[in-house]
Structures are given as structure tokens and as C-alpha cells.
Amino acid sequence: MTILYKTNANKNGNSYHVAINHDNKTYNENTFTSDLTIFVKLKELKQLKALAVDNGYKNIG
């Protein structure tokens with residue numbers, strides 16, 4: 001399953017994304033499709049990305 005963690009859009013309409021694919025242990029930044037989307041704060045997004053790296057996930061972005 002792929003989970004897309006996404007921040008709410010700012011006033012310019014931009015948001016930040018990290019998609020974590022738990023099937024092949026990869027993560028990808030700036031991904032726009034996902035099985036499941038969860039909205040988080042930017043600080044939480046950075047923590048999730050660090051956690052993925054710490055657990056051996058590879059960046060394919």
C-alpha cells in the first residue's frame with residue numbers, strides 16, 4: 001500500500017508531499033497519486049521522511 005502524506009495547500013496553492021510505499025520499502029517526494037492520503041503538518045512530514053530513511057526505505061524520487 002502507498003500512503004501519501006501531504007500538507008494542506010498554502011495561499012499559493014502549493015503543498016508538500018511524501019509518498020511511502022510499504023510494499024517495496026521506497027519513498028518518493030512530490031508524488032500526486034496514492035491509495036491513501038493523509039494530511040499532516042510540514043514538521044510532521046519531515047519527521048515521517050526521517051523515520052522512513054531510518055527504517056531502510058529508499059528514495060526513488
Under 6 Å by Cβ, and 6 or more places apart or on different chains, what pairs join a residue from segment 46-61 that is open to solvent by less than 100 Å² (accessible area, probe 1.4 Å) with one that is assigned to a strand (DSSP E or B) and hydrophobic (A, V, I, L, M, F, W, C)?
K49/V18; A52/I20
Based on what the data block shows, is L42 of a type outside the set (G, A, S) and touching a residue at least 40 places away in the same chain (Cβ under 8 Å)?
no
Across segment 2-48, what is the total count of residues that are at positive phi and either modelled with pLDDT of 95 or more or more than 12 Å from the chain's Cα centre (by Cα) (or both)?
2
Within segment 1-39, residues being open to solvent by less than 60 Å² (accessible area, probe 1.4 Å) and over 22 Å from D54 (Cβ atoms) number 2
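The values are calculated or read from the model by the stated rules, or taken from the named source; none is laboratory data. This one's a predicted model, so the numbers in the text were calculated from it and none came from an experiment. All Cβ positions, even for glycine, are placed from backbone atoms using ideal geometry, and neighbour counts span all protein chains on display. The accessibility values were calculated without ligands, DNA or RNA, using every heavy atom of the protein model including side chains. Shrake-Rupley method; radii C 1.70, N 1.55, O 1.52, S 1.80 Å.
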